[in-house]
1. Mind listing whichever residues of segment 64-103 are farther than 21 Å from LEU50 by Cα and either open to solvent by less than 30 Å² (accessible area, probe 1.4 Å) or within 15 Å of the chain's Cα centre (by Cα) (or both)?
2. Can you name the residue in segment 1-24 that is within 17 Å of the chain's Cα centre (by Cα) and either under 14 Å from SER72 (Cβ atoms) or of a type in the set (S, T, N, Q) (or both) and is also most open to solvent (accessible area, probe 1.4 Å) among such residues?
3. Can you find a residue in segment 29-45 that is free of Cβ contacts under 8 Å to residues at least 24 places away in the same chain, open to solvent by less than 100 Å² (accessible area, probe 1.4 Å) and at positive phi?
4. If you scan segment 70-102, which residues turn out to be within 21 Å of ILE17 (Cα to Cα), of a type in the set (D, E, K, R) and assigned to a strand (DSSP E or B)?
5. Taking only pairs six or more apart or across chains, which ones have beta-carbon atoms under 6 Å, a first residue in segment 92-103 that is among the small types (Gly, Ala, Ser), and a second residue that is assigned to a strand (DSSP E or B) and open to solvent by less than 20 Å² (accessible area, probe 1.4 Å)?
6. Mind listing whichever residues of segment 104-121 are open to solvent by 90 Å² or more (accessible area, probe 1.4 Å) and among the charged types (D, E, K, R)?
7. Here's a check for you: in segment 60-77, which residue that is in contact with a strand residue (DSSP E or B) (Cβ under 6 Å, 6 or more places away or on another chain) and modelled with pLDDT of 90 or more is farthest from ILE32 (Cα to Cα)?
8. Looking only at segment 104-121, count every residue that is β-branched (Val, Ile, Thr) and without any contact (Cβ under 8 Å) to a residue 12 or more places away in the chain and tell me the total.
Amino acid sequence: MPSEKQYLERRDNIAAILQYLRRCGPQSRRQIADALSLSWGCVSELSVMLLNQNILVEENLPRQNCKGRTPSVLALNPDFCFLGVDINRKELSGCVCDLTGKKLAAYTDALRYGTKEELIA
């Protein structure tokens, strides 16, 4: 079982990978490792975990006239979305975004209530 320090380090590394892919677009494992000063093994292990959770997708690059395996890159899964909600005294707002930050849907409407109990009900 990982220690709390290992858990926090893993969480920070995952966040760094996701932020890097959001900022730079699809990248190879080697590019991610070099840019973030992480070991290739660390990037590989975390990317497998993120691929299994469908947070990342693996894309094959067009085949070049070279020997070896077909190169692939990791990208944020455009089908993976999240919901953001803001509720305050005057209105309810929400949006659905994909992992790249692209807004897919948005909603805003005034809240209509006369008492605190009506707001909660």
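1. Answer for segment 64-103, where residues must be farther than 21 Å from LEU50 by Cα and either open to solvent by less than 30 Å² (accessible area, probe 1.4 Å) or within 15 Å of the chain's Cα centre (by Cα) (or both): GLY84, SER93, GLY94, LYS103.
2. GLN19
3. no
4. ASP98
5. Matching pairs, first to second residue: none at all.
6. Those that are open to solvent by 90 Å² or more (accessible area, probe 1.4 Å) and among the charged types (D, E, K, R): ARG112, LYS116, GLU117, GLU118.
7. Top of the filtered list is ASN77.
8. 2
The values are calculated or read from the model by the stated rules, or taken from the named source; none is laboratory data. Bear in mind that the values here come from a model prediction, so they are computed numbers and not experimental data. Virtual Cβ from ideal backbone geometry, glycine too; neighbours counted across all protein chains shown. When the accessible area is computed, the model is the full protein with side chains, heavy atoms only, and any ligands, DNA or RNA have been set aside. Shrake-Rupley method; radii C 1.70, N 1.55, O 1.52, S 1.80 Å.
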